[in-house]
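Student: Before we start, here is the structure in question, set down as structure tokens.
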Amino acid sequence: MAGLARDGGLYVPETWPQLSKAEIGSLAGRRYQDQVMAVTRPLIAGAIPEHDLADMVERAYAGFQHAAVVPLKQLSANTWLLELFHGPTLAFKDVAMQLLARLIDYELNRRGERATIIGATSGDTGAAAVEAFKGLPSVDIFILHPKGRVSEVQRRQMTTIDDANVHNIALEGTFDDCQSIVKSLFGDHEFRDRMKLGGVNSINWARVMAQIVYYFSAAVALGAPHRKVSFSVPTGNFGDIFAGYAAKRMGLPIDRLMIATNVNDILVRMMTTGRYQLGEVTATMSPSMDIQISSNFERVLFDALGREADAVNQLMQDLSGKGGFTLPQGVREQLGADFDAARTDEAAMLAEIKATFDDTGEVADPHTAVGLAAARRMAAASEVPVVALSTAHPAKFPAAVNSAIGIEPQLPPHLSDLYQRAERVDVLPNELDQVRSYIETKAVVSK
Ligand SMILES: *Cc1c(COP(=O)(O)O)cnc(C)c1O
């Protein structure tokens with residue numbers, strides 16, 4: 001339930017469980033919900049009774065607007081689109097969050113406890129979290145978003161939810177400021193214990209776990225385990241692509257994992273120079289990728305550094321103290337065995353929306369287009385089939401899509417009155433103390 005461990009590190013499995021070729025092969029043609037059970041079983045390892053988990057999985061995906069949950073579409077001879085946006089808030093975050101909320105509620109009820117969920121969002125996480133946790137009697141949820149830096153649809157998806165357990169904070173700062181406040185609150189052990197803090201950011205292990213499943217699902221549809229598959233992943237906090245890495249460690253024959261970024265390209269620079277160096281955050285039309293610190297990258301580093309926690313800790317200290325670190329000898333080559341990285345600027349992203357529309361009739365959102373532009377390079381360089389992850393519905397980012405192809409994508413019916421609903425949000429300065437006392441005042445746990 002906690003995103004961050006008490007020592008400031010992230011949780012990872014002690015060992016990566018292995019799915020045999022036969023087990024992977026047997027996933028083909030099954031319902032997505034059954035694939036979730038089969039892929040997560042070795043990670044959950046009996047901690048939740050099978051029928052309880054099956055019930056949560058069924059309910060988590062019942063609200064998706066497509067019967068396949070995560071449909072796969074062919075775009076060209078060798079390129080596919082994995083649509084992850086059919087959940088209630090139209091972004092891939094729903095795939096994990098809908099399950100996570102049920103897992104947390106289940107565990108709190110088992111313990112007879114309440115919790116205070118806190119999270120930082122660059123837009124989609126907050127919307128997905130608020131939607132998944134609204135109305136649950138076991139939790140208060142506080143979501144910090146950077147004021148004025150999320151799209152109107154993203155903001156309204158959070159602020160128009162009127163359940164009393166939902167608290168929206170518009171912080172006068174960037175996403176990284178939001179994330180740093182959340183990190184500090186988790187680091188304050190007295191506050192953390194008293195408020196029973198829980199985390200839902202992409203560092204939450206259960207979210208990563210839920211995301212591992214769709215890599216298996218797409219790969220078996222294209223012939224795994226007998227054929228290799230590559231993925232192009234629009235990347236911000238590295239949670240989604242880390243799930244792909246985890247799938248590979250669990251035995252899925254993934255050839256390449258493409259880290260597709262917008263101009264906030266710290267990961268691309270690191271893969272080319274070996275230096276992970278913080279810069280300024282630039283606002284783009286793909287705001288969910290407008291970040292500098294990719295938190296989940298720490299998890300890959302842990303493996304790449306031979307699972308030496310002290311070595312990871314040293315690099316993380318250099319990151320917070322000196323604003324960067326240089327990868328130790330050989331680590332960049334090791335990362336290169338799994339990952340490629342490509343940056344797509346705003347003009348190329350818009351051109352990609354147009355090219356995809358002209359070639360296939362599909363309308364991509366700006367995040368998906370960043371992934372598609374990188375996928376084009378992969379398909380040109382190799383025969384291996386490429387799956388581009390489609391992380392948001394185009395109607396979440398209508399202005400960008402309209403400027404690329406002159407078509408205003410429409411919200412699906414369940415959200416069609418979003419612009420008419422009343423909003424509820426409090427603006428707070430970028431100050432830890434003020435956010436802390438706001439949470440203390442509003443959370444039921446502290447009363
Ligand atoms: C969150 C998000 C991303 C980035 O995912 P990470 O797991 O943070 O790398 C990409 N696209 C969309 C639409 C998102 O909401």
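The values are calculated or read from the model by the stated rules, or taken from the named source; none is laboratory data. Here the structure is a predicted model, which is why all the values come from computation and not from measurement. Cβ placement follows ideal geometry from the backbone for every residue including glycine, while neighbour counts extend to all protein chains displayed. Accessible surface is based on the protein model in full, side chains and every heavy atom, while ligands, DNA and RNA are left aside. Shrake-Rupley method; radii C 1.70, N 1.55, O 1.52, S 1.80 Å.
Student: Treat each spin label as a single point 7 Å out from the Cα along the C-beta direction, and report the Ser184 to Ala337 distance in nm.
Tutor: Simple spin-label model gives 4.0 nm for this pair.
Student: Still on this model: For Asp163, project a label point 7 Å along Cα to C-beta. Then give me every residue of the range 180-198 with its amide nitrogen under 17 Å of that point.
Tutor: 198
Student: Please give the length that would be gained between Asn313 and Glu423 if that part of the chain were fully extended, namely 0.36 nm times their separation in residues minus their C-alpha to C-alpha distance (nm, one decimal).
Tutor: Numbers: separation 110, 0.36 × 110 = 39.60 nm, distance 4.15 nm.
Length gained between Asn313 and Glu423: 35.5 nm.
Student: May I ask for the distance between the Cα centers of the range 381-447 and the range 156-194, given as a whole number of Å?
Tutor: Between the Cα centre of the range 381-447 and that of the range 156-194, the gap is 15 Å.
Student: Given +1 on the Cβ of Lys and Arg, -1 on the Cβ of Asp and Glu, and no further charges, what dipole in debye does the chain carry about its Cα centre, rounded to the nearest 20?
Tutor: Numbers: 43 positive and 53 negative charges, 122 e Å.
Dipole size: approximately 580 debye.
Student: Taking every pair of alpha-carbon atoms in the range 257-325, what share in percent sits in each 10 Å bin, from 0 to the bin with the longest distance?
Tutor: Answer for the range 257-325: a P(r) of 19, 52, 25, 3 percent.
Student: Please report the antiparallel percentage of DSSP beta bridges with both residues in the chain, rounded to the nearest 5. Can you show the working numbers first?
Tutor: Details: 9 of 46 bridges.
Bridges in the chain are about 20 percent antiparallel.
Student: While we're here: Placing +1 at every Lys and Arg Cβ and -1 at every Asp and Glu Cβ, with all other atoms neutral, what dipole size does the range 310-422 have around its Cα centre, in debye to the nearest 20? The partial results should precede the final answer.
Tutor: Values: 8 positive and 15 negative charges, 46 e Å.
Rounded to the nearest 20 debye, it is 220 debye.
Student: While we're here: Of Thr15, Thr391, which has the most accessible area with a 1.4 Å probe, and how do the rest follow in descending order?
Tutor: On the way: Thr15 100, Thr391 10 Å².
Ranked from most to least accessible, the order is Thr15, Thr391.
Student: Which GluC sites (Glu not before Pro) in the range 396-447 pass both tests, a DSSP loop state and at most 11 other beta-carbon atoms within 10 Å?
Tutor: For GluC sites (Glu not before Pro) across the range 396-447 that sit outside H, G, I, E and B with at most 11 neighbouring Cβ atoms in 10 Å, the list is empty.
Student: Now for a different question. Using the basic label-point model (7 angstrom from Cα toward the beta carbon), what is the Gln74 to Asp34 distance in nanometres?
Tutor: 2.4 nm
Student: Using only protein heavy atoms and a 1.4 Å probe, report how much of Ile291 is accessible, in Å² to the nearest 10.
Tutor: Surface open to solvent at Ile291 totals about 10 Å².
Student: Given 25 °C and 0.890 mPa s, compute D for the chain with the Stokes-Einstein relation, Rh being the Kirkwood radius over Cα pairs; round to the nearest whole µm²/s.
Tutor: Details: Rh = 21.9 Å.
Result for D is 112 µm²/s.
Student: Starting from the residue with the highest accessible area, list Lys248, Lys73 in decreasing order, probe 1.4 Å. Could the numbers behind the result be given before it?
Tutor: Values: Lys248 40, Lys73 70 Å².
In descending accessible area the options line up as Lys73, Lys248.
Student: Obtain the radius of gyration and the Kirkwood radius of the range 145-243 from its C-alpha atoms and give Rg over Rh. Each step should come with its number before you reach the end.
Tutor: Numbers: Rg = 17.8 Å, Rh = 16.6 Å.
With Rg and the Kirkwood Rh in hand, the quotient comes to 1.07.
Student: State the extension gain, in nm to one decimal, for the chain segment bounded by Ser20 and His51, taking 0.36 nm per residue of separation less the distance between their alpha-carbons.
Tutor: Values: separation 31, 0.36 × 31 = 11.16 nm, distance 2.37 nm.
Additional length available on full extension: 8.8 nm.
Student: Pick out, from Leu252, Leu389, Leu108, the residue whose Cα sits farthest towards the positive end of the charge dipole of the chain, with +1 on the Cβ of Lys and Arg and -1 on the Cβ of Asp and Glu.
Tutor: It is Leu252.
Student: What is the sum of charges around Pro398, taking Lys and Arg as +1, Asp and Glu as -1, for the other residues whose C-beta is under 11 Å from the C-beta of Pro398? Show your work: numbers first, answer last.
Tutor: On the way: positive: Lys396; negative: Glu152, Asp365, Glu408.
Cβ neighbours under 11 Å give a net charge of -2.
Student: How do Leu252, Leu305 rank by accessible surface area computed with a 1.4 Å probe, from largest to smallest? The partial results should precede the final answer.
Tutor: On the way: Leu252 5, Leu305 25 Å².
Highest to lowest solvent-accessible surface, that is Leu305, Leu252.
Student: Of the cross-linked pairs Lys21/Lys248; Lys183/Lys248; Lys147/Lys354; Lys134/Lys442; Lys21/Lys73, which ones have a Cα-Cα span greater than 23 Å in the structure shown?
Tutor: On the way: Lys21/Lys248 12 Å; Lys183/Lys248 29 Å; Lys147/Lys354 30 Å; Lys134/Lys442 15 Å; Lys21/Lys73 25 Å.
Lys183/Lys248; Lys147/Lys354; Lys21/Lys73, as the Cα separations exceed 23 Å there.
Student: Here's a follow-up. At 0.36 nm per residue, and after removing the present C-alpha to C-alpha distance, how many nm does the segment from Asp359 to Leu278 gain when stretched out fully? Spell out each step's value before the answer.
Tutor: Values: separation 81, 0.36 × 81 = 29.16 nm, distance 3.73 nm.
Gain on extension, Asp359 to Leu278, equals 25.4 nm.
Student: Tell me, what is the 1.4 Å probe accessible area of Trp16, in Å² to the nearest 10?
Tutor: Roughly 40 Å² of Trp16 is accessible to a 1.4 Å probe.
Student: Considering the zone a paramagnetic label at Ala351 would reach in this model (a point 7 Å from Cα along the Cα-to-Cβ line), which residues of the range 59-79 have amide N under 12 Å from it?
Tutor: none
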